[in-house]
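The values are calculated or read from the model by the stated rules, or taken from the named source; none is laboratory data. Small disclaimer: the values here were computed from a predicted structure and weren't measured. All Cβ positions, glycine included, derive from the backbone under ideal geometry; neighbour counts span all protein chains shown. The accessibility values were calculated without ligands, DNA or RNA, using every heavy atom of the protein model including side chains. Shrake-Rupley method; radii C 1.70, N 1.55, O 1.52, S 1.80 Å.
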Amino acid sequence: GSAVLELYAAAGVGPRVKLLGMPDVFLPHGDARVQRTQLGLDAAGLRRAGRALLGEEAR
């Protein structure tokens, strides 16, 4: 992902992007699915982030 953003920056292109990922903090151990849901990194969270990036209303 970062290589693609670097390529766009070098070409002077500014796409709308949202970087998603695990925060750089300690997370308590537990079920990975629950953690992804809490962080918005599950399917529903990614869908919400994509729609927000496109300016669509949340469904």
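Listed values, structure above:
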item: Odd one out for residue 3 among (1) open to solvent by 90 Å² or more (accessible area, probe 1.4 Å); (2) modelled with pLDDT under 95; result: (1)
item: Count of the range 6-59 residues which are exposed (fewer than 12 other Cβ atoms within 10 Å of the Cβ) and in contact with an Asp or Glu (Cβ under 9 Å, 6 or more places away or on another chain); result: 1
